[in-house]
Structure formats: C-alpha cells, structure tokens
Amino acid sequence: MAQVSLRRIVKEYEGQVQAVKGIDLDIEDEEFVVLVGPSGCGKSTTLRMIAGLEEITSGEIAIGGEVVNDIPPRDRDIAMVFQNYALYPHMSVYDNISFGLKLRKFSREEIKRRVDNAARILGIGELLERKPKALSGGQRQRVAMGRAIVRDPKVFLFDEPLSNLDAKLRVQMRTEIKQVHQTVRTTTVYVTHDQVEAMTLADRVVVMNHGIIEQVGPPNELYRNPATIFVAGFIGSPAMNMIPATLTQAAGALSVQLGDGLSVPVPEERTARYAPHANKDLLFGIRPEHLTEATRIDKQNLAPLTVKLDVIEPMGMETLVHFHINGTSVCGRVDPAAGAVAGTMMPLAAHMEHMHLIDKTSGKVL
Amino acid sequence: MAPDGTARPALSTRPAIKGRSPGVSSLERLARRRSSIAFLMTLPLILVIAGLVAYPAAWAIYLSTLNRRMTANIGFENYLILLDSETFRMIIWQSCFFALTAVFLKALIGFWLAHMLHNIPTKGQRKWRGMLLIPWVIPPALSTLGWWWMFDPSYSSINWIINVFGFPSIPWLGTPWWARIAVITVNVWYGAPFFMIMYLAALKSVPEQLYEAAAIDGATSWQRLRFITLPMMQNIISITVLFSLIVTFANYDIVRVLTNGGPRDTTHLFATYAFQVGILSANLPRGAAVSLFMLPILAVAAYFILRGVTRRTKEIA
C-alpha cells in the first residue's frame with residue numbers, strides 16, 4: 001500500500017508533441033483515483049508513466065515516498081490491468097496469474113495459496129486449467145485482475161479495463177472492481193474515457209484535457225461544482241445545457257437573459273458572487289434534471305420557462321425533452337406523467353439554485 | 001447449398017432445377033452443383049500437382065524396384081544392397097548430421113539476426129534487412145562458386161586471413177571434416193536469411209502489451225525472451241525448421257559445386273549421391289532408391305512437427 005505523487009510531470013514525444021504538460025497529483029494510500037478525459041488527453045500516458053512503461057520527459061514520480069523515475073517497471077511493485085487484458089495466450093489461467101510470483105521466486109505453496117485466494121475473490125476457481133482462448137471477455141478480465149491481485153502490489157493500475165466488454169458486462173465488472181478494491185484496499189489508479197465509470201468507481205476523479213488536469217475532486221463535488229466549462233460539459237449524461245446569455249442587473253436583482261424573450265432570475269444568495277460580471281456575455285449552464293415540468297411548485301428558486309418541445313425521449317423512469325432556446329439545443333428531464341408531447345408548448349421550470357455561469361473567454365465557471 | 005446438393009434458387013436464373021423438370025439434363029445439373037464448379041476450378045492445379053509431383057514420385061518408386069537395365073522387377077533388392085553398403089550408411093549419417101547441424105545453426109543465427117533487426121528503429125531497418133537477405137537471393141550455384149574460390153587450396157582468402165594471424169593454412173575441401181564444415185558453413189550462410197525473415201515477421205506479430213505485462217510482472221529481458229517471445233514464436237519456428245529440414249536434406253547444388261561429394265564420398269548427401277549413382281554411374285533404379293530414403297525420415301519429422309503446430313494452434317490462436 002502506498003501513496004503516489006506526481007510532480008510537474010511532462011511527457012513530450014519526438015516532434016515536440018506534449019502529451020502531458022506538467023501535472024501535479026497526489027494519490028493517497030488506499031485511495032481509488034480515476035483519470036478521465038477524452039482520447040488524447042494524456043490520461044493513459046500518465047498511467048503508463050506511473051507504471052514505468054513510458055519515460056518521463058521531466059518531473060518526478062514517487063510511489064510510497066520513493067522516487068521511481070529511473071526504476072524499471074518490475075521493481076516498482078505495481079500491477080497493471082490492460083485494456084485488452086494482455087494475457088499470455090500460451091499459458092493456462094493458473095500460469096498467467098502466477099507468472100509474476102514465479103519470477104519473484106515465491107515458494108510453490110505460497111503461489112498456490114495466493115492464486116487460490118485471488119481465484120476465490122474473483123470467482124474463477126473453475127477456470128484455472130484453461131487457456132485464455134477458451135475464456136469469455138468477462139472471464140479474461142477477471143484473470144487479468146487476478147494477475148494483479150496475487151502480487152499484492154503497492155499500486156494497482158487499470159488502463160481502460162472495461163472498454164472491450166459489452167454494456168451489460170461492463171456494468172457488472174464495474175461493480176466487481178469496486179468490490180475487489182473494498183476487499184484488498186490497494187491504492188488504485190484507473191484510466192477511463194467513460195465518465196459514468198469514473199463517477200461510480202472513484203473516491204476522487206481527475207478530469208484531464210489536452211495534457212493538463214482540469215479539476216480533481218470527489219465525483220459529486222465535480223458534478224455539482226465543476227470548475228471549468230470542460231468539466232461542466234464532460235461530467236454528466238446527458239451533458240449540462242450551456243446557453244449563451246447576458247447577465248443584467250435591475251434594482252439590485254440579477255437576471256439571466258437567454259434570448260427569445262426568455263429570462264430567468266438569479267437566486268438572491270448568488271447576487272454578490274455574480275454581480276461583477278453583469279452585462280457580460282456568458283454561458284448559462286444548467287443540468288437537464290434541473291429543467292423540469294413547472295408543476296413542482298413546492299421548491300424555491302423555480303424560474304418558469306415555456307418552450308416548444310422538438311423531441312421527446314421516454315426513458316421509463318423519466319422523459320427527456322429537447323427544445324431550442326435562441327438557437328441552442330437544450331435538454332430537460334420531466335416526469336413521464338407530465339404529459340410532454342413533441343411539437344407542443346410546455347411550461348417548464350428551471351431550478352436556479354443549481355445554475356452555473358461560465359465565462360466564455362477564460363472557460364472558468366464563475 | 002440446398003440439402004439435395006442443388007444450388008439455391010436465388011443463385012440460379014432457372015427455378016426449374018429444383019425438380020426433375022424436362023429440358024434439364026442430368027449432366028447439366030451436375031455441372032451446376034457448387035462442388036462440381038469448385039472441382040473444375042481447381043482441376044488445373046490438381047493436374048499440375050499430379051503431373052509434377054504424384055507421377056514422378058510414383059514413377060521413382062516403381063523405378064527403384066527394377067534392375068539396373070530396367071528389364072526386371074527385383075523388389076526391394078536395391079534398398080537392401082544400399083543398406084549393405086558402408087558408403088551408403090555413411091551417407092545416411094552424413095545427411096542427417098549435415099541437415100540437423102545446418103538447420104540448427106541457421107535457426108540460431110536467423111533468430112539472432114531477427115532479434116537484432118527487430119530492435120533497430122524502423123527507419124534503418126529496411127536497408128539492413130535488404131543487405132542481410134542477399135545470400136538468400138543469389139542463386140546458390142553461383143554464390144557457392146564464390147565460396148569455392150575462398151576455400152581454394154592455393155588462393156584461399158580465408159587461409160590468407162588465418163595466415164595473417166600466424167596459423168597454418170587449412171585444407172578446407174581436402175579433408176573429410178573440414179570439407180563437411182565448409183559445406184555446412186555455405187549452407188548456413190545461404191539459408192540463415194530465410195530464418196531471419198520468418199522470425200522477424202513472427203517477432204513483429206507478438207503484441208507489445210505482452211512484453212509490457214511481463215515487464216510489470218517482473219521479467220528481465222532474458223525471461224521475456226524465454227517465457228514470451230519463444231513460446232509465442234514456437235509455431236513459426238517449427239514450420240520454418242520443418243521447411244528448412246526438407247530443403248536442406250534434399251540439398252544438391254552446394255555439395256555439387258563445392259566438393260562434388262568428395263573427398264572419398266565424405267560430403268555426399270542423398271541428392272548428390274543419387275545423382276552420382278543414378279546418372280553418372282548409369283544405375284537409375286538404384287539412384288531412385290537412394291533418393292527415396294529421404295522420404296521416411298522426413299515423413300517422421302513432419303508428422304511430429306506438424307502435430308505440435310496443430311495442437312498449439314488449437315490452444316492459442
């Protein structure tokens with residue numbers, strides 16, 4: 001078990017392409033940290049640098065307090081699960097799992113004990129004699145995790161381990177990964193491009209974009225208080241609505257002009273925070289679940305909006321409604337019983353206590 | 001294909017073929033079957049193989065049972081006479097020694113070269129690959145002539161180098177063991193690039209992530225070679241070895257140009273000896289018998305190698 005710390009890590013490939021642009025990150029002992037971001041954001045490169053599979057151009061990586069920049073992967077005491085599992089096809093499941101232990105000269109009894117233990121945790125006891133070819137995707141995934149668990153390393157590294165599984169299995173394996181972490185409590189760094197995976201698994205999520213860290217925080221914190229326009233748009237599905245707007249002030253009260261003659265009042269408690277940005281062109285951000293049918297009158301800070309629905313998508317427990325405000329496509333979530341019909345006008349309510357204002361030029365959430 | 005062997009209606013312009021309709025002869029129906037078409041399309045190849053492989057092989061077997069004048073069938077007499085001959089027993093041993101040693105060295109050097117090449121950055125790799133392939137693309141009769149000059153007792157460039165270091169000249173092609181070493185050397189020089197190119201292709205097909213996983217599992221570079229590279233390449237190695245074993249066993253040109261079987265038949269192989277007995281000594285049936293001796297030896301080797309390949313393919317691929 002160990003902490004992992006990254007100090008001003010830079011990765012530059014030949015041809016001056018900077019994949020990672022000087023990131024700092026501290027991962028606590030036993031913590032489950034997920035690096036998430038779109039393809040090419042530098043998350044996998046960062047993970048591979050922690051593993052020692054990529055050289056660091058500059059900066060410092062420490063595992064358990066020891067700087068590992070010049071230490072080869074085999075001496076870093078880490079275990080990694082790859083996207084395509086990287087199981088040795090010529091070895092049985094047992095040999096695949098025990099390979100690292102054999103190389104480290106563990107006794108035969110100890111190897112057996114550890115493999116049996118990992119097999120029990122992962123429920124692959126019956127598969128030990130099989131070759132990887134005879135396993136399903138989910139089983140291969142478990143074997144790859146078994147290979148990591150038996151080593152009892154300081155850190156687990158996962159590189160998009162669920163990307164090759166079908167949707168149903170992905171959800172199931174996600175839960176299993178979380179269960180395994182709760183059982184073995186090993187510091188874990190997990191890379192994914194799927195924000196749902198990041199939200200469900202992580203103690204803390206690290207959102208990366210263009211080689212830098214946009215924001216680090218617990219999943220709910222990131223969801224509720226995104227720091228930048230990128231995080232606001234990346235976390236959450238469907239994504240946060242962002243409508244070009246102007247902030248105006250009249251008689252001490254602020255309101256957001258959305259165009260199309262629509263305007264919503266800013267809650268009183270936010271007036272002081274937003275006042276300096278009055279009369280600026282901003283983006284008004286609001287999540288779909290905070291645009292609901294207007295009948296929920298029990299709450300404060302509800303701003304009425306009557307819009308013409310373009311498309312409705314019944315999801316069962318809720319219905320997604322799509323409409324346009326000033327040319328921008330907007331999505332809301334209404335109760336299936338609210339009677340949303342495409343092509344008709346519908347009164348909606350914006351839950352303004354959850355609103356965000358985003359500065360277009362700096363990309364920061366105000 | 002429908003269960004009755006006829007083509008599906010969709011494939012045919014005439015739905016009439018379904019039943020025994022008048023106007024469609026049985027010959028026409030036969031010609032329309034997919035299997036018939038497949039057979040007809042492969043027929044030219046079948047004829048070529050039959051004409052160039054099956055017929056000569058059958059003829060050689062028949063020939064080996066005739067007497068020298070080819071007037072009477074003497075059964076296995078030719079084989080028995082050969083087995084009784086000390087020279088021929090030496091040639092069996094020589095052929096096996098030559099083939100096994102040469103193939104082993106070719107495999108080893110080819111593997112080493114492939115590994116070296118594999119680790120050169122892609123940019124520089126092409127020219128090295130091209131240069132290293134040269135021995136394999138020169139017709140061996142010609143390149144062996146070059147080697148013959150280098151081994152020549154009077155003008156040997158190899159001996160000149162040896163003399164520079166103060167060692168006496170070696171009678172390369174004049175004494176049995178040196179001549180055998182010379183023949184094997186030329187064969188290895190000629191054949192190693194083939195192994196190299198096969199191994200290089202195999203090396204490139206091993207997924208990089210297996211090495212990364214092994215590196216994290218704690219494998220040193222030697223252990224990666226031993227536990228990942230070699231097992232992953234085993235099928236290619238087996239097939240290349242089998243192929244080379246066949247070609248090396250049947251080698252003719254190198255021995256013919258370099259030593260002509262001498263000194264005192266100590267470098268003869270099955271093929272060169274078959275030529276000597278069959279053509280030069282005008283005993284075609286016995287020559288045929290000599291060449292047929294290769295068959296069981298290679299058949300056994302092929303059986304075991306291919307069995308291993310099939311088993312691994314089932315397990316891994």
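Residue by residue, here is whether (1) surrounded by 22 or more Cβ atoms within 10 Å (Cβ to Cβ); (2) facing chain B (nearest Cβ under 9 Å); (3) of a type in the set (Gly, Ala, Ser) holds:
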{"residue": "A:Gly37", "(1), (2), (3)": "yes, no, yes"}
{"residue": "A:Arg48", "(1), (2), (3)": "no, yes, no"}
{"residue": "A:Ile61", "(1), (2), (3)": "yes, no, no"}
{"residue": "A:Glu66", "(1), (2), (3)": "no, no, no"}
{"residue": "A:Asn69", "(1), (2), (3)": "no, no, no"}
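Can you name the condition, by its number, that A:Leu348 falls short on among (1) part of a strand (DSSP E or B); (2) more than 14 Å from A:Ser263 (Cα to Cα)?
Against the list (1) part of a strand (DSSP E or B); (2) more than 14 Å from A:Ser263 (Cα to Cα), A:Leu348 comes up short only on (2).
Residues being away from chain B (no Cβ under 14 Å), at negative phi and not in a loop (DSSP other than H, G, I, E, B): count how many of those fall in the stretch A:50-59. Step through it out loud before you land on a result.
Step one: list which residues in the stretch A:50-59 are away from chain B (no Cβ under 14 Å), which gives A:56-59.
Subsequent filtering for residues that are at negative phi retains A:56-58.
If we keep only those that are not in a loop (DSSP other than H, G, I, E, B) too, we end up with A:58.
Qualifying residue count for the region: 1.
Of all residues in the stretch B:212-232, which are facing another protein chain (nearest Cβ under 10 Å) and within 20 Å of B:Glu315 (Cα to Cα)?
Answer for the stretch B:212-232, where residues must be facing another protein chain (nearest Cβ under 10 Å) and within 20 Å of B:Glu315 (Cα to Cα): B:Phe227, B:Ile228, B:Leu230, B:Pro231, B:Met232.
Just to be sure before I move on: is A:Glu12 assigned to a helix (DSSP H, G or I), open to solvent by 10 Å² or more (accessible area, probe 1.4 Å) and away from chain B (no Cβ under 14 Å) in the structure I sent? Walk me through it before giving the result.
On the way: assigned to a helix (DSSP H, G or I): no; open to solvent by 10 Å² or more (accessible area, probe 1.4 Å): yes; away from chain B (no Cβ under 14 Å): yes.
The answer is no for A:Glu12.
Given A:Lys131, A:Lys105, A:Lys112, which one is surrounded by fewer than 18 Cβ atoms within 10 Å (Cβ to Cβ) and within 14 Å of chain B (Cβ to nearest Cβ)?
Working: A:Lys131 fails: surrounded by fewer than 18 Cβ atoms within 10 Å (Cβ to Cβ); A:Lys112 fails: within 14 Å of chain B (Cβ to nearest Cβ).
The match here is A:Lys105.
Go through B:Met90, B:Met116 for me and flag whichever is surrounded by 13 or more Cβ atoms within 10 Å (Cβ to Cβ), assigned to a helix (DSSP H, G or I) and without any contact (Cβ under 8 Å) to a residue 24 or more places away in the chain. Even if it seems obvious, please write down each step before you answer.
Working: B:Met90 fails: without any contact (Cβ under 8 Å) to a residue 24 or more places away in the chain.
From the options B:Met90, B:Met116, the qualifying one is B:Met116.
Quick one: how many residues across the stretch A:313-333 are over 15 Å from A:His290 (Cα atoms) and part of a strand (DSSP E or B)? Can you show your working first?
Our first condition is that a residue be over 15 Å from A:His290 (Cα atoms); within the stretch A:313-333, this holds for A:313-317, A:324-329.
Those still in the list that are part of a strand (DSSP E or B) too: A:313-314, A:324-325, A:328-329.
So the answer is 6.
The rows are residues; the columns are (1) surrounded by 20 or more Cβ atoms within 10 Å (Cβ to Cβ); (2) more than 25 Å from A:Glu313 (Cβ to Cβ); (3) among the polar types (S, T, N, Q).
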| residue | (1), (2), (3) |
| --- | --- |
| A:His193 | no, no, no |
| A:His210 | no, yes, no |
| A:Gln215 | yes, yes, yes |
| A:Thr228 | no, yes, yes |
| A:Pro238 | no, no, no |
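Applying the selection to the stretch A:213-255, what residues are part of a strand (DSSP E or B) and over 30 Å from the mean Cα position of the chain (by Cα)?
The answer is A:Thr246, A:Leu247, A:Thr248, A:Gln249, A:Ala250, A:Ala253, A:Leu254, A:Ser255.
Is one or more of the residues making up the stretch B:234-245 open to solvent by 20 Å² or more (accessible area, probe 1.4 Å), touching a Ser or Thr at 6+ places or on another chain (Cβ under 7 Å) and of a type in the set (S, T, N, Q)?
Looking through the stretch B:234-245, at least one residue is open to solvent by 20 Å² or more (accessible area, probe 1.4 Å), touching a Ser or Thr at 6+ places or on another chain (Cβ under 7 Å) and of a type in the set (S, T, N, Q).
Taking the conditions exactly as written (modelled with pLDDT under 90 and at the interface with chain B (Cβ under 9 Å from one of its Cβ atoms)), does A:Arg120 satisfy them or not? Walk me through it before giving the result.
Details: modelled with pLDDT under 90: yes; at the interface with chain B (Cβ under 9 Å from one of its Cβ atoms): no.
So A:Arg120 does not fit the description; no.
Of the numbered conditions (1) in contact with a Leu (Cβ under 6 Å, 6 or more places away or on another chain); (2) at pLDDT below 90, A:Val206 satisfies every one except a single condition; which is it?
Unmet for A:Val206, out of (1) in contact with a Leu (Cβ under 6 Å, 6 or more places away or on another chain); (2) at pLDDT below 90: (2).
If I filter the stretch B:147-168 for residues that are open to solvent by less than 50 Å² (accessible area, probe 1.4 Å), away from every other protein chain (no Cβ under 14 Å) and outside any helix (DSSP H, G or I), do I get at least one hit?
Taking every residue of the stretch B:147-168 in turn, at least one turns out to be open to solvent by less than 50 Å² (accessible area, probe 1.4 Å), away from every other protein chain (no Cβ under 14 Å) and outside any helix (DSSP H, G or I).
In this structure, does A:Ala144 turn out to be in contact (Cβ under 8 Å) with a residue 40 or more places away in the chain, of a type in the set (A, V, I, L, M) and open to solvent by less than 10 Å² (accessible area, probe 1.4 Å)?
On the way: in contact (Cβ under 8 Å) with a residue 40 or more places away in the chain: yes; of a type in the set (A, V, I, L, M): yes; open to solvent by less than 10 Å² (accessible area, probe 1.4 Å): yes.
When the stated conditions are applied, A:Ala144 passes them.
Test B:Trp128 against the stated conditions and say whether it is within 30 Å of B:Val257 (Cβ to Cβ), touching a helix residue (DSSP H, G or I) at 6+ places or on another chain (Cβ under 8 Å) and in the same structural domain as B:Ser238 (by TED's automatic domain parsing).
On the way: within 30 Å of B:Val257 (Cβ to Cβ): yes; touching a helix residue (DSSP H, G or I) at 6+ places or on another chain (Cβ under 8 Å): yes; in the same structural domain as B:Ser238 (by TED's automatic domain parsing): yes.
Yes.
Can you say whether B:Arg264 is surrounded by fewer than 21 Cβ atoms within 10 Å (Cβ to Cβ), away from chain A (no Cβ under 12 Å) and charged (D, E, K, R), as far as the supplied structure shows? Full working, then the answer.
Working: surrounded by fewer than 21 Cβ atoms within 10 Å (Cβ to Cβ): yes; away from chain A (no Cβ under 12 Å): yes; charged (D, E, K, R): yes.
So B:Arg264 fits the description; yes.
Say whether the condition of being crowded, with 18+ Cβ neighbours inside 10 Å, within 14 Å of chain A (Cβ to nearest Cβ) and modelled with pLDDT of 90 or more is met by at least one residue in the stretch B:182-196.
Here is the first cut: in the stretch B:182-196, the residues crowded, with 18+ Cβ neighbours inside 10 Å are B:182-196.
Going one step further and asking which of them are within 14 Å of chain A (Cβ to nearest Cβ), we end up with none.
No, every residue in the stretch B:182-196 fails to be crowded, with 18+ Cβ neighbours inside 10 Å, within 14 Å of chain A (Cβ to nearest Cβ) and modelled with pLDDT of 90 or more.
All but one of (1) closer than 20 Å to B:Ile228 by Cα; (2) free of Cβ contacts under 8 Å to residues at least 40 places away in the same chain; (3) surrounded by fewer than 18 Cβ atoms within 10 Å (Cβ to Cβ) hold for A:Arg74; which doesn't?
Among (1) closer than 20 Å to B:Ile228 by Cα; (2) free of Cβ contacts under 8 Å to residues at least 40 places away in the same chain; (3) surrounded by fewer than 18 Cβ atoms within 10 Å (Cβ to Cβ), A:Arg74 violates only (3).
Just to check your reading of the model, which residue among B:Arg264, B:Arg307 is closer than 26 Å to B:Trp177 by Cα and either out of contact with any helix residue (DSSP H, G or I) (no Cβ under 9 Å at 6 or more places or on another chain) or assigned by TED's automatic domain parsing to the domain that holds B:Ala182 (or both)? If you could, list the steps in order and put the result at the bottom.
Working: B:Arg307 fails: closer than 26 Å to B:Trp177 by Cα.
Going through B:Arg264, B:Arg307 in turn, the sole match is B:Arg264.
Which residue, of B:Phe270, B:Phe275, is under 17 Å from B:Ile184 (Cα atoms) and either away from chain A (no Cβ under 14 Å) or open to solvent by less than 10 Å² (accessible area, probe 1.4 Å) (or both)?
Numbers: B:Phe275 fails: under 17 Å from B:Ile184 (Cα atoms).
When all the criteria are applied, what remains is B:Phe270.
Which of (1) among the small types (Gly, Ala, Ser); (2) closer than 29 Å to A:Lys11 by Cα; (3) surrounded by 23 or more Cβ atoms within 10 Å (Cβ to Cβ) does A:Gly233 not meet, given it meets every other one?
Among (1) among the small types (Gly, Ala, Ser); (2) closer than 29 Å to A:Lys11 by Cα; (3) surrounded by 23 or more Cβ atoms within 10 Å (Cβ to Cβ), the lone unmet condition for A:Gly233 is (3).
The values are calculated or read from the model by the stated rules, or taken from the named source; none is laboratory data. The structure presented is a predicted model; accordingly, all values stated were derived computationally and were not measured. Cβ atoms come from the backbone with ideal geometry, glycine included; neighbour counts cover every protein chain shown. When the accessible area is computed, the model is the full protein with side chains, heavy atoms only, and any ligands, DNA or RNA have been set aside. Shrake-Rupley method; radii C 1.70, N 1.55, O 1.52, S 1.80 Å.
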